[in-house]
1. ³J(HN,Hα) across the stretch 213-220 via Karplus (A = 6.51, B = -1.76, C = 1.60, θ = phi - 60°), whole Hz, x for Gly/Pro?
2. Taking H placed 1.01 Å from N in the peptide plane, check which residues at least 5 places from residue 197 or on another chain put their amide H under 5 Å from its amide H.
3. So how much accessible area does residue 11 have, in Å² to the nearest 10, using a 1.4 Å probe?
4. In square angstrom, what is the accessible area per residue of the chain with a 1.4 angstrom probe?
5. What are the residues whose amide H is under 5 Å from the amide H of residue 219, where those residues sit 5 or more places off or on another chain and H is modelled from the backbone?
6. Which of rounded, prolate, oblate describes the stretch 127-238, given a ≥ b ≥ c as roots of the alpha-carbon gyration tensor eigenvalues and a/c under 1.5 marking rounded, otherwise prolate only if a/b is larger than b/c?
7. Take the alpha-carbon centre of the stretch 54-103, take the same for the stretch 1-35, and report the distance between them in whole Å.
8. Residue by residue through the stretch 73-84, what is 3J(HN,Hα) from phi via Karplus (6.51 cos²θ - 1.76 cosθ + 1.60, θ = phi - 60°)? Round to whole Hz and write x for glycine and proline.
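The values are calculated or read from the model by the stated rules, or taken from the named source; none is laboratory data. Values in this document were obtained by computation on a predicted structure and should not be read as measured data. All Cβ positions, even for glycine, are placed from backbone atoms using ideal geometry, and neighbour counts span all protein chains on display. The area values use the complete protein model at the heavy-atom level, side chains included, leaving out ligands, DNA and RNA. Shrake-Rupley method; radii C 1.70, N 1.55, O 1.52, S 1.80 Å.
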Amino acid sequence: MKILLSNDDGYRASGLDELRRAMLPLGQVTVVAPDRNRSGASNSLTLEVPVRAFRYDADCWYVNGTPTDCVHLAITGLFDVEHDIVVSGVNDGANLGDDTLYSGTVAAAIEGRYLGLPAIAVSLCVARIAADLVQRMRVEPLQGPVVLNVNVPDLPDGDLKGIRVTRLGARHRSKPIVRAKDPRGRNVYWIGPSGEGQDAGAGTDFHAVAEGYASITPLQVDLTRHSALPELQRWLQLE
């Protein structure tokens, strides 16, 4: 099995090293990751400037671009080899609910799915869970264009209660921006912290992680709200 790894925390992140070690027994592992932390990059793709890739270890590369750039390059021509699966992570922190819209970790997995490969995004910790999922995918591939968003609570070995299949929850509105001054007295602004869980009840990814379970949420790349199409036709008074 040929496994492509990426992340959004950068190629020096400990979570990426942990993930690589967990994947090595399963097949040929290639790493293509950003040259620095690109958390919050979402699905951005670099189009106006050239992107460069540099080898830093055996089958390991870093790229001066986004997580999406990394996966796109790796699949569309950087290597002669055809990969079988994309695994992104392990992200330093959760990607729950609304976080998936901003997450570079999830975006790297989605890019793999856009380009035709099964994909898994892993957040928080416990790379072993990701290895178990890749092994299961090898034995019995999931059907259809699905991305698995995996969040594993930070618990000691043996304390993880199990795995739950979940839906995305939702957060409250983000906290206000933080205003500050630069050394020259000019205004600067920091994005405020994420809001707490709002839709975080039973069945959500928030609830599963809070209860000590690994959360696995299937994501789709088709953003169309199909149920709204007839009402939109009526609203626009179209035939």
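1. These are the phi-based 3J(HN,Hα) values: 10, 6, 9, 10, 10, x, 10, 10 Hz.
2. Result for residue 197 returns 172.
3. 30
4. Working: 13490 Å² over 239 residues.
With the other protein chains kept in place, the chain gives 56 Å² per residue.
5. Placed amide hydrogens put 147, 148, 149 under 5 Å from residue 219.
6. Values: a/c = 2.12, a/b = 1.13, b/c = 1.87.
Judged from the Cα gyration tensor, the stretch 127-238 comes out oblate (a/c at least 1.5, b/c at or above a/b).
7. 8
8. Listing the rounded values in order: 4, 4, 8, 9, x, 5, 10, 6, 6, 9, 7, 9 Hz.
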